[in-house]
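Laboratory data are not the source of any read-out in this text; all were calculated from the coordinates shown. These numbers come from a predicted model, not from an experiment. For neighbour counting, all protein chains shown are included, and Cβ atoms are generated from backbone atoms with ideal geometry for every residue, glycine included.
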Amino acid sequence: MTTNNTPRIFRLMLPAAIAGAAGVVLSLVELFVSREQFFRSWLHAWLFVLGLSLGGLGLVMLQHLVVSEWGLLTRRIGEAAGLTLPVVVVLGLPLLLGLPYVFPWARPEEVAGDAVLRHRAGMFNVGAVLLRAAIYFVIWMFFAWRLSAGSLRLDRRPSDARVLSLRRLSAAGMVLYFLTMSSASVDWIMSREAHWYSTIFGFLIVIGQALAATAFVALVLTLLSPDPPMDTAARPDLLHDLGNVLLMMVVLWAYLSFAQLLVIWLGNTQEEIPWYVHRSKGVWRFVTVLLVVLQFFGPFVLLLMQAVKRNARVMAYVAGGVLFMQWVNTVWLIAPSGPAADPHPLSWVDFVTPIGIGGIWFWSFLWLLRRRPLLPVGLSVAAEPFAHGTDDVRTIRPLA
């Protein structure tokens, strides 16, 4: 069995734990200054790591459906990300104490004075939202556990029946993931502005999670590539394929974001416009421009270049940049929500809380990744000529 206790990426476990603990402790200071700010910052940091977990799970299901070589190479990374969902649940528990600070439907006095909130009270109340959240996480953790356990069983005893079983499980899981996360995005993000709605918002959130997870997987893979066993498995053409997937996610995210803006701009209704008004004032206007330039145009141009996608070091920088901007996008979705005349400004805790929650999540991810082979055992690494050069490269083939 391949051991994976030597790659240098696992040296980041201790720094991640220290950064996570320090970030959480520092963010708690904000509780004594502004509880609304603290819980708002905690919400967007928590949603970001949730997106990494669910996006990783989604990539695993996609790989089982399309059976790609880049997917085989990244399967263990995605499985480890999906298995962190219980940690995400624990990290989300503090939000239970702050629901009235971040959601208007959790404030009885505001519900009593708003006809829209009263109309939606049957769906948006503390009991109903928490019940749906429990259902979401049960479904997500079930698929994460079943796919991971099934993958390990496939390692021990490869068979066509097990491959087909994982493919069917992934097909069902992909449908449920889109449905449940679309509903969850309404509960946890869209409901922060009760008078605003978008019919494609849930799909946009799912694609954003897939984009973040693809960038994260690419970054982790490039960090693993200098060490065994990835030094022989992560060959340039597989990095090229993964770069193409990242490019596809960038384009799809940009397309959906523009489609939502275009539909709302054409409709020009009083209920929909304020959501963009909040994000066009003060510092948020600058953040909006950054998202357009650095989350779409920059990665789009770079990922069109073959030399970028085939170079592990350059891919690491591109993937890291996309991942950072996806965090910025999560903040942009959450933080500005408020009265149209006074959108919430950025705060220092908006930057500290993600370090705390992200550090704890990353430590958990590395711990889970280290407990299993980095490559599926049912795969062999064999030398094969390279179609575009004379380099000594490796290819991954199933042991059929």
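Couple of notes before you dig in:
- Gyration tensor verdict on segment 235-289 (Cα atoms; rounded if a/c is under 1.5, prolate if a/b is larger than b/c, oblate otherwise): oblate
- In plain terms, the residue of 148, 182, 53 with the fewest other Cβ atoms within 10 Å comes first and the most crowded comes last, giving 182, 148, 53.
- Listed peptides 80-90, 311-321 appear in the order 80-90, 311-321 once ranked by packing, highest mean of other Cβ atoms within 10 Å at the front.
- Rounded if a/c under 1.5, otherwise prolate or oblate - segment 1-56, Cα gyration tensor axes: oblate
- Alpha carbon centroid spacing (whole Å) that separates segment 191-207 from segment 131-167: 29
- Burial ordering of 131, 99, 366, fewest other beta-carbon atoms within 10 Å first: 131, 99, 366
- Relative contact order computed over segment 8-376 (Cα-Cα under 8 Å; 6+ residues apart), in percent: 33
- Each 20 Å bin from 0 upward holds the following percent of the Cα-Cα pairs of the chain: 27, 57, 16, 1.
- For the pair residue 134 and residue 313, a Förster radius of 56 Å applied to the C-beta separation gives a FRET efficiency near 0.85, rounded to the nearest 0.05.
- For segment 2-101: rounded, prolate or oblate by the Cα gyration tensor [a/c cutoff 1.5]: oblate
- The alpha carbon centroids of segment 282-319 and segment 1-58 are separated by 23 Å.
- For segment 241-374, the alpha-carbon radius of gyration amounts to 1.25 times the rule-of-thumb value 2.2 N^0.38 Å expected for a compact globular protein.
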